[in-house]
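Some notes on the structure that comes next.
The values are calculated or read from the model by the stated rules, or taken from the named source; none is laboratory data. Just so you know, these numbers come straight off a predicted model, no measurement behind them. All Cβ positions, even for glycine, are placed from backbone atoms using ideal geometry, and neighbour counts span all protein chains on display.
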């Protein structure tokens, strides 16, 4: 199964995943996430790796009861794409492997 990842047209969200004739918006627009705090050119960048990990762990702790095992829930998409690996591309690869999905990245 292939799905398409795009920048969201919803002003309040970062991304949209297009899957089976529906669109799932996720990620708070303008907010930091693990991919942004790990990217040196981002305004959200945190240079100290330990501090980045603390922010990531705090996010995951706050959202630990969210439905992250439903592969197309906004919670799952945020957890595995925005708060998983330091880059979006690495997170996409990990998500694809975990859920046996092919993501076409059009961001």
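Quick notes on this structure:
- Exclusive hit being in contact with a helix residue (DSSP H, G or I) (Cβ under 8 Å, 6 or more places away or on another chain), at pLDDT below 95 and either over 21 Å from residue 104 (Cα atoms) or part of a loop (DSSP other than H, G, I, E, B) (or both), set 67, 86: 67
- Of all residues in the stretch 1-38 being crowded, with 16+ Cβ neighbours inside 10 Å and out of contact with any strand residue (DSSP E or B) (no Cβ under 7 Å at 6 or more places or on another chain), the one that is nearest to residue 60 (Cα to Cα): 34
- Among residues that are in a strand (DSSP E or B), at pLDDT 95 or above, under 12 Å from the mean Cα position of the chain (by Cα) and under 19 Å from residue 106 (Cβ atoms), residue 35 is not included.
- Pair list, Cβ under 7 Å, 6 or more apart: the stretch 39-57 residue farther than 14 Å from residue 85 by Cα, other residue in a loop (DSSP other than H, G, I, E, B): 44/32; 45/39
- Of all residues in the stretch 76-89, those satisfying the criterion of being within 25 Å of residue 40 (Cα to Cα) and surrounded by 14 or more Cβ atoms within 10 Å (Cβ to Cβ) are 77, 78, 79, 80, 81, 82, 83, 84, 85, 86, 88.
- Odd one out for residue 35, checked against (1) in contact with a helix residue (DSSP H, G or I) (Cβ under 7 Å, 6 or more places away or on another chain); (2) over 14 Å from residue 77 (Cβ atoms): (2)
- Which listed residue, of 41, 47, is under 19 Å from residue 7 (Cα atoms) and either under 14 Å from the mean Cα position of the chain (by Cα) or modelled with pLDDT of 95 or more (or both): 41
- The one condition from (1) without any contact (Cβ under 8 Å) to a residue 40 or more places away in the chain; (2) out of contact with any helix residue (DSSP H, G or I) (no Cβ under 9 Å at 6 or more places or on another chain) that residue 104 does not meet is (1).
- Residue match in the stretch 10-27 (condition: modelled with pLDDT of 95 or more, part of a loop (DSSP other than H, G, I, E, B) and either under 11 Å from the mean Cα position of the chain (by Cα) or more than 28 Å from residue 102 (Cβ to Cβ) (or both)): yes
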